[in-house]
Amino acid sequence: MTNNQIMFFIFSAVIVIFSILTVTSRRILRAATFLLFVLVSTAGLYFMLRFNFLAAIQLTLYAGGIVVLIIFSILLTSQVGAKLELPGLSKKIYALIAAAAGAALCIWTILQYNFPRTSIESGRTSIDDIGKALTSTGKYGYALPFEVISILLLAAMIGSIVIAKKRKD
Amino acid sequence: MFEGVPLNWFLITATLMFFIGIYGFLVRKNLITMLMSLELILNSVNINFVAFNKLLYPQHLEGMFFTVFIIAVAAAEASVAIAIIINIYRRLVNIDVENMNEMKN
Amino acid sequence: MLIMRHELLLVTITVILLLVEIFLPHDKKHKIILPAILLMGLVTIAGFIPGPTGILFGGMYGTSSLILLMKNILNIGVFIIFVQSVSWLKLEEQKEKISEFFILLLSTLIGMDYMISSGDFLMFYLGLELATIPLATLAAFERYKEKSAEAGVKLIFTSALSSGILLYGLSMIYGTTGTVYFPEVSAAYTAAPLQILAFIFFFAGMAFKISLVPFHLWAADVYEGAPINVTSYLSVISKGAAAFIFMIILYTVFNKIALMWRDVIYVIAILTMTLGNLFAMRQRNIKRFLAFSSIAQAGFILLGIIGQSQLGMTTVVYFVLIYIFSNLGAFGVAAIISNKTGKESIDDYDGFYRTNPLLSLTMMLALFSLAGIPPVAGFFGKFFLFASAAKQGMYILVFIAVLNTIISLYYYLLVIKAMFLNRSDQPIGYFKSDGYTKFGLAMCVAGIIIIGLASPVYEFILKLSYGLY
Amino acid sequence: MINFGYTVWIVLIPLFLFILIGFFGHKFKPIVSGIIGTSGLFASMAISYFTAYQYFFVLPKVGETFVKVIGFETTWLRFTEKLVIHLGVLLDPISVMMLIVITTVSFMVHLYSIGYMEGEKGYMRFFSFLSLFSFSMLGLVVATNIFQMYIFWELVGVSSYLLIGFYYTKDTAVAASKKAFIVTRFADLGFLIGILLLSFNTGTFDFITLTDPKGAAIAQGSGIMFLGLSTMTWSMIFIFMGGAGKSAMFPLHIWLPDAMEGPTPVSALIHAATMVVAGVYLVARLFPIFHFSAPVALDVVMYVGAFSSIFAAVIACTQFDIKRVLAYSTMSQIGMMMFALGVSGYGEEAGLGFMASMFHLFTHAFFKALLFLGAGAIIHAVHSNYMNEMGGLRKHLPITHITFLIACLAIAGIPPLAGFFSKDEILAASHQKAMWIFILGLIISGLTAFYMFRLYFSIFWGKDQHYHHTPHEAPKVMTIPLMLLSLGAIFAGLLPFSSFVTSDGKPFASHIDMAIAIPAVLVGVIGALTAMVFYRKETNIPEKISGFLGGFYRAAFRKFYIDEIYLFITRKIIFNYVSRPIAWFDRHIVDGSMNGISYVTNEVSGRIKGLQSGQLQTYAWVFVTGAVALALTFIYLWTN
């Protein structure tokens, strides 16, 4: 086993195990923490694949931003110590069947497919390239999506404020 | 093949994560835990994109940028979802998804 | 930059509204209504000025004259919704968030425009999300109402799930073709199992937006709970835009597996029409009723998509155009009643004709148009849809569709009967509508009557759609 | 060539009337809207007569044939490059004839309604709907292409929906109008599919191209086969389905009796003379296609027509509501028109059935409208629809009595009234085709005479009932149309119809064959006399007669118990064991199946409501499962 393989197995195992814990843990704050682990080891995968920029985003935006947001809202809406109610058994079984069938189908189909093998080994993606791509307006340039996402974030912000702000009365 | 790690391993990990997320979405009663499941789902898709990009099509950065934008969208989605959840909490003092069935049939 | 003028204009007026909102004193928020409507009107008109078409950003963005027309159609719809929502916005509860309503609506419209114009899956996805996420906040806009909050939850969670599934599909499309640009994807696409899986997941995400069975379950609840003007936006504009891009992507990206998606749509169309109708029959709440009826209508749109030809393309655009006017007419009347009296049950409509003849006539026209009775426009929309499916030899599908129009006629008549024929001891009282409302409804009525009878509209769309298919 | 452009006004005038009365009617007194409507229709009628005069007498014939003339046309929709839809006015013998029928009856009904609807709420609404109906019906008959016809066809449906449901305060009226609308819409679905099949098969909507016997459309006859029949045959069967719905052919007739809930003038207009014959007109319009490329479909027309005719005639004998009797009678007569088309060939003498059918349509319009309007006058006078609550009315309503008698004689086929001639031609045409259908026709004629005179004697003779107030004759504005129409019922048959309307436009001379006329008249007389024996009872006339003949007559009658036996056989056996069951079958099985369908749909709709549980996670589950199931199906099961 190469180092890469070992690293992959560790990350992968953390991802899968903590994902399961996230969706089964009965203490909501713990679930959020498990989610954080999952997100961090995903960042680890990105590092491994030498997408450092992406891994940084993953850590700051996802792990840093969203999880913190989630934890805030947990604190706002739940009693921290309380255990979550268990879902009904039939609901669990149905959900398990759906998810397992889906996973089996997808994995089976993926394994059936012969992905082309490329041997091009590209090195680290430099921040420079990313910056260029992000502002380029040509093909493989991402200026337009960048603008659109800014509208989206703005709209989401306005929307969140409208919904969440307290009524004056 | 990325230095000994086949593509399929990435894909299988991602797929498992995806359907674990789906399972969580289907059974968790608390809206915030459902939101966490959603994050799992989106995250797994990101792994797919990134792995494809690096292992199969490294000439361009399409998969990576897709991932970047998915993360941004996820943030927006999460903020709106949380705003709505807080609003619900103010109305019902409870964020159990099973209570939300005033409209049916 | 003229190529992108629809989006740019919309962004501009969004920014203007944002600035105005910031500088407007707190007690004069309602002053923004008229400028907003005027600006939107200007943008709508400006959209019709002929301009260049083409491709921008290395293929990420592209327009053709048909796409411009689609955007114009959406603009018209949004304009009508602006006008129709005035009386609702003036209610005490909404007073302080008027401009937010406009801004959020406009940003979703921008999203739709980008979505329709997208030349790769990234732009498509961003447009889709931009067209969805602010909508969830709009659905929860009446935040003091439990139903509205519930609608917001249902919309944001199901849409997030559906975009998750759609993204999984997209990732597989990327993985198997190595690109997300439409032309390259199309070139590299084969019918490998994984690609079919990817397509189905993508399809599920789109079907969610168009509310096709079995991905439609969110729709009725959200439509019922959301403020009625938002509901009409969701069921008309949002659905229309999704149908447009769905058609474009099917025709240009998945053209190689047309034989397969035709069968998928065949099944889904039948399910959608039938289930939508069966559910609509038993509804007593007018919003819910119209929600299911619009689910059924979505099934009819598929008939045009399945037509897979220039004819099919034309009919889809034509049908959506008519559908916008008809459905907005129906929703408009329902909105007036709901805003003035708070009544949303069909039983409350008993004897409505006695007290408000003009409104009930408008409603009748709109419902007849939805039911597809000549000579109102809805009939022509349906007829061309049937014709385009029939031309592909799908007579059984057409037969089922026509049967479904009869079922739908049954329940549309229920409403008409309530308004015109039932007696009521306490009918909804007479009320006078303000100028905005009248104007909005008048536009709908004019659309319903004129589009059907004036053949140039259809011929115009037919001419535009030459290039695309 | 004569310019027939002005004919478009025949259609447009009622449209303007509709707009005028509908939108501005509330500005004037109710009576004014009636007068405007009536005079407008009069103008339309006058133009129609002028058109007929010009078409039949002034326009030169080409090779002794009446040609089809496009009076007016405008391009309306360019559907595809080849399929173009026009709007226009097509003049040929049958459309000109229909123009006359419709405008005449419509005018009479307008005039009559001025009196009949007096004091009703929504007087002006009634007239605006009447104008709308006239507009749609006229637009239908002058259609130059099948698509235009379909549009107006549906418009006819809408306006009749509005008219039948006019008494919206009556629940039954509302239910009836809805039923009529939905059943005919169901039939129209066949029509629409037929149109789509036909137009994609032939590449045209145009009637002139479609029905040209030497044209390409007809040559397409042996198109693709489907389930053993050619596409052409299927399309014609589907189109006939639409016709059967509007014309109340079995089993799509269930709406007609219920539709009698509408105001009586409406029944006279819609259910006697115009809308219900639209189906016959449709078949006649496409007759060359039926004949040349879809003979099987033509057989279907024949069988459906014949069965509906006898079926309705039997039921009519059992009804007590006078309007229902008339409704079933209409169905029966239209059935005759249908099977007359069904037995017809193409060309001069061979096309006798076609001519007879159109002829009967023409005469029937007059006497059936007369019957309905008469029934209206009766109902107006006694405030009841039931003949067993009437009797002896001849003293109170002299004009109605005479005109009603004329109409009964006409429909019973007693010479020299109108019905005799047209019915005789139908019987002659059936005789050419097959013996069984001729005999069937005779039986129907006998039954017709029987139930009509049953109606007549029950109303005007018999015991004088005690009415709440003495019935009195209707006002002039109502009796004048009755008198005018009875002129039509008497003289319409004398027209040399075959020199105007034939299957191929070429006139021929028809004659009356005594071998057919004599039995026809005979069964009519027998039917009428039987009715007289039963229903003219308890008047002084039998006593006078018996007194005149002395005790022997009475004794003989009593002694041989002829009367009793007769009564036993007819009333007890035939009535109870034949007619009653058929009527029951009609009401419960045929009608019931329609209700059953709606019941089942409702049930299903109720059962599946659980799917929409309101639970977000259930929705998500269905979503995921749906996607996975679709993927599974289309990856591993789908093969193409």
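The values are calculated or read from the model by the stated rules, or taken from the named source; none is laboratory data. Remember, predicted model here, so these are calculated numbers, not experimental data. Positions of Cβ are backbone-derived with ideal geometry, glycine not excepted, and every protein chain shown enters the neighbour counts. The protein model used for the area step is the full one, side chains on, heavy atoms only, and it has no ligands, DNA or RNA in it. Shrake-Rupley method; radii C 1.70, N 1.55, O 1.52, S 1.80 Å.
A few comments on the model shown:
- Zone of D:Met483's modelled label, taken as backbone nitrogen in the range D:391-416 under 15 Å from a point 7 Å along Cα→Cβ: D:398-404
- Number of partner chain Cβ atoms within 10 Å, mean per residue of C:89-99: 1
- On the beta carbon distance between C:Tyr430 and D:Ile31, with R0 = 30 Å, the FRET formula returns roughly 0.65.
- Accessible area of chain D belonging to carbon and sulfur atoms, whole % at 1.4 Å probe: 69 percent
- Potential lengthening between D:Ile19 and D:Tyr49 on full extension [0.36 nm per residue; Cα-Cα distance subtracted]: 8.4 nm
- Rounded to 0.05, the FRET efficiency of the C:Ile396 and C:Leu361 pair, given R0 = 30 Å and the Cβ-Cβ distance, is 0.20.
- In the range B:7-96, Cα pairs under 8 Å separated by at least six residues give a relative contact order of 28 percent.
- Among the listed pairs B:Lys29/C:Lys343; D:Lys121/D:Lys395; C:Lys90/C:Lys145; C:Lys154/D:Lys609; B:Lys29/C:Lys287; C:Lys95/C:Lys343, those whose Cα-Cα separation exceeds 24 Å are B:Lys29/C:Lys343; D:Lys121/D:Lys395; B:Lys29/C:Lys287.
- Accessible surface buried once D binds C (1.4 Å probe; total of both sides; Å²): 6100 Å²
- Each residue of chain D gets 198 Å³ once the volume of the Cα convex hull is shared out per residue.
- Local electrostatic count at A:Ala95 - Lys and Arg +1, Asp and Glu -1, tallied over other residues with Cβ under 14 Å: +3
- With semi-axes defined as the square roots of five times the eigenvalues of the C-alpha gyration tensor, the equivalent ellipsoid of the range B:7-96 measures 31, 16, 4 Å, largest first.
- Cut-off 13 Å between beta-carbons: net charge of the residues surrounding B:Gly21, Lys and Arg +1, Asp and Glu -1: 0
- D:Leu229 paired with A:Asn114, simple spin-label distance in nm, labels 7 Å along Cα-to-beta-carbon: 5.3 nm
- Solvent-accessible area buried by pairing C with A, both sides, nearest 100 square angstrom, 1.4 angstrom probe: 3100 Å²
- Cα centroid of the range D:1-49 to Cα centroid of the range D:614-640, whole Å: 59 Å
- The range A:1-95: C-alpha gyration tensor shape, a/c 1.5 cut-off, then a/b vs b/c: oblate
- Counting only protein heavy atoms and a probe of 1.4 Å, the accessible surface of the range C:20-84 is 76% carbon and sulfur.
- Local net charge near D:Tyr161, Cβ-Cβ under 14 Å (Lys/Arg +1, Asp/Glu -1): +2
- With protein chains left intact and a 1.4 Å probe, residues in the range B:1-72 average 15 Å² of accessible area per residue.
- Förster radius 60 Å - calculated FRET efficiency between D:Ser39 and D:Asp299 (Cβ-Cβ, nearest 0.05): 0.80
- The calculated Kirkwood hydrodynamic radius for the range D:265-356 is 13.6 Å, given to one decimal from all distinct C-alpha pairs.
- Note that the range D:98-104 has calculated 3J(HN,Hα) couplings of 5, 4, 4, 4, 5, 5, 5 Hz, one per residue in order, obtained from phi through the Karplus relation 6.51 cos²θ - 1.76 cosθ + 1.60 (θ = phi - 60°); glycine and proline are x.
- Pairwise Cα distances in the range A:125-169 exceed 15 Å in 60 percent of cases.
- Accessible area of A:Trp108 in the full protein assembly, 1.4 Å probe (Å², nearest 10): 140 Å²
- Restricting the trypsin sites (Lys or Arg not before Pro) of the range A:1-97 to loop positions (DSSP other than H, G, I, E, B) with no more than 12 neighbouring Cβ atoms within 10 Å leaves A:Arg26.
- For the range C:60-126, the Kirkwood radius over C-alpha pairs fed into Stokes-Einstein at 20 °C and 1.002 mPa s yields D = 161 µm² per second.
- Distance histogram in 10 Å bins (all Cα pairs of the range C:55-203, percent per bin): 11, 31, 31, 19, 7, 1
- Neighbour count of at most 11 Cβ within 10 Å plus DSSP loop: longest trypsin sites (Lys or Arg not before Pro)-free window in chain C: C:1-422
- Measuring nothing but how far apart in sequence close Cα pairs (under 8 Å, 6+ apart) lie, relative to its length, chain A scores a relative contact order of 16 percent.
- Take every pair of alpha-carbon atoms less than 8 Å apart whose residues are at least six positions apart; their mean separation over the length of the range C:287-412 yields a relative contact order of 32 percent.
- Total accessible area lost when A and B pair, probe 1.4 Å, Å² to nearest 100: 7100 Å²
- Distribution of pairwise C-alpha distances over the protein assembly as shown, 10 Å bins, in %: 2, 8, 16, 19, 17, 13, 10, 8, 5, 2, 1, 0, 0, 0
- Part-to-part distance (alpha-carbon centres) for the range C:227-303 and the range A:1-66, which is given in Å: 38 Å
- Taking all protein chains together, D:His431, C:His26, D:His291, D:His401 sort by accessible area into C:His26, D:His431, D:His291, D:His401, largest first [probe 1.4 Å].
- Residues in the range D:403-424 reached by a label modelled at D:Ile512 [backbone nitrogen below 18 Å; 7 Å Cα→Cβ]: D:406-424
- For the range D:1-81: span of alpha carbons on each principal axis (Å, largest first): 54, 39, 14
- Relative to the 2.2 N^0.38 Å rule of thumb, the range C:2-464 has a C-alpha radius of gyration ratio of 0.93.
- Annotation: for a label point projected 7 angstrom from Cα along Cα→Cβ of C:Thr252, residues of the range C:48-70 with backbone N closer than 18 Å are C:51-70.
- Cross-link reach list, lysines versus C:Lys391, counting only Cα pairs under 23 Å and skipping chain neighbours closer than eight places: C:Lys256, C:Lys382, C:Lys463, D:Lys82
- A crude spin-label estimate for the pair C:Ala46 and A:Ala56, with each label 7 Å from Cα along the Cβ direction, gives 3.8 nm.
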